[in-house]
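Before any comments, here is the structure.
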Amino acid sequence: MESSVLFCLSLVLHYKLSEFLFKYIVKSKMGKNITEKFIEKQILEHLAKKGWDYNIKTKDLHEHGCDIIVTDSRNKNKARRFYIECKRKSCAKSAKAVNETVWLFALGQLVTRMTVIARHAYKYGLGLPEVSAIKALKRIPWQAARHLCLYIFSVDDKGNVKEYSPKDFKIYQKK
C-alpha cells in the first residue's frame with residue numbers, strides 16, 4: 001500500500017515538474033506570443049511612415065477578407081492599394097512546424113483575393129512573424145513575387161518591422 005502511494009506521488013511530482021519546465025523554460029525559448037492584431041498594428045505604423053495611411057480598413061479575426069487594406073495617401077485619386085494578410089506566431093508544442101508553414105496559408109488566402117485592374121495598381125503583402133517571413137522569402141520564387149507585386153512584412157518579438165520588396169526575394173534565394 002505504501003509503495004503504491006509513493007508511486008502515485010512520484011507520478012504527480014513528475015507531471016508538475018515537466019509542466020513547470022515547459023511553462024518557464026521551453027516557452028521562454030520560443031519567444032513572445034505575437035498575435036495577429038499586434039502584427040497588424042506594427043505594420044500599419046510602418047506603412048503610415050511611408051505614406052500609406054489613407055482609407056485604412058482592418059478586419060476582425062473571424063471576418064472575411066484581407067486583414068489590412070490601405071490606400072496610398074499621396075495618390076488618393078488613383079487606385080494604388082496595399083492588401084495585406086497577417087498571421088500570428090504560434091507558441092504551441094509544435095510551434096516550429098507551424099511557424100515555418102503558416103505563410104503558406106496566408107499566401108493562399110491572398111492569392112484567392114487578388115484582382116487585376118491595372119499593372120502595379122495593387123500591391124500585396126504577407127504580415128508574418130520573423131521566423132515565418134524568412135522561410136517565405138526563401139521559398140516563394142522571386143519571379144512570382146515580382147509578377148504579383150508581393151511584399152513581406154517581417155515583425156520581430158519587439159515589434160520592429162522589416163519590409164521585403166520583390167527585389168529582396170532574389171537576394172535571399174541566392175544565399
Could you work out how far apart the two model spin labels at R139 and E45 are, taking each label as a point 7 Å from the Cα in the direction of the beta carbon, and quote it in nm? 2.9
Which whole-Hz ³J(HN,Hα) couplings does the range 48-54 yield from phi under the Karplus relation 6.51 cos²θ - 1.76 cosθ + 1.60, θ = phi - 60°, glycine and proline marked x? 4, 5, 9, x, 9, 9, 10
With each pseudo-label sitting 7 Å past Cα toward Cβ, what's the H64-T115 distance in nm, one decimal? 1.4
The ³J(HN,Hα) series, computed from each phi in the range 100-107 with the Karplus coefficients 6.51, -1.76 and 1.60 at θ = phi - 60°, rounded to the nearest Hz and given as x for glycine or proline, is 7, 10, 4, 5, 5, 5, 4, 5
Excluding residues fewer than 8 places away in the same chain, name every one of the aspartates and glutamates whose C-alpha is closer than 18 Å to that of K123. E40, E45, D53, D67, D72, E85, E163, D168
Taking the beta-carbon count within 10 Å as an exposure proxy, list R146, R80 from fewest neighbours to most. R146, R80
Could you run the Karplus curve 6.51 cos²θ - 1.76 cosθ + 1.60 with θ = phi - 60° over the range 156-166 and give me ³J(HN,Hα) per residue in whole Hz, x for Gly and Pro? 8, 4, 8, x, 6, 10, 10, 9, 10, 8, x
Please compare each pair in K59/K167; K37/K167; K57/K87; K37/K158; K138/K167 to a cut-off of 23 Å on the Cα-Cα distance and tell me which ones are over it. K59/K167; K37/K167
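Give me I140, I134, I39 sorted ascending by neighbouring Cβ count inside 10 Å, so fewest comes first. Present the calculation step by step, with values, prior to reporting the outcome.
Numbers: I140 21, I134 17, I39 25.
With the sparsest Cβ surroundings first, the list reads I134, I140, I39.
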Neighbouring Cβ atoms within 10 Å as the yardstick, rank W52, W142 fewest first. W142, W52
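Coordinate-derived values only; no laboratory data. What you see is a predicted model, and the numbers here were worked out from it, not measured in a lab. We place every Cβ from the backbone using ideal geometry, glycine too, and count neighbours over all the protein chains shown.
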